[in-house]
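First the structure, then my questions, so here it is.
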Amino acid sequence: MSEPSEARGYRNCIIGTVKENFGQLTGNEGLEGSGREQRVKGDCEIKAAKAINKTYADNNNMMAKLGGMLGNEQMHSKEDDEIL
């Protein structure tokens, strides 16, 4: 399985919502259910991607602080916040 993606999550939320609403309008319970499932899956993927991004940012901040405390500027890239 690939890493969670906010963009893919939003895509699934939108498509799932459309399917769910169309299923409700037409009385198609199968379409409504699959739409709900896709929407929930999208919500979960968005939350997971945001959590991963926050973890990376927190880790980069921690490494920058540690590098500053130790006087090691190479522990943190100032250009793109990438740990070296």
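The values are calculated or read from the model by the stated rules, or taken from the named source; none is laboratory data. Keep in mind the model is a prediction, meaning the values are calculated, not measured. Positions of Cβ are generated from backbone atoms using ideal geometry, with glycine treated the same way; all protein chains shown enter the neighbour counts.
Is it the case, given these coordinates, that ASN12 is modelled with pLDDT of 95 or more, surrounded by 14 or more Cβ atoms within 10 Å (Cβ to Cβ) and part of a helix (DSSP H, G or I)?
yes
Any residue in segment 42-66 that's under 13 Å from GLU6 (Cβ atoms): show its pairings with residues that are surrounded by fewer than 12 Cβ atoms within 10 Å (Cβ to Cβ) and modelled with pLDDT of 75 or more at Cβ separation under 8 Å, as long as the two are six or more apart or on different chains.
ALA49/GLU3; ILE52/GLU3
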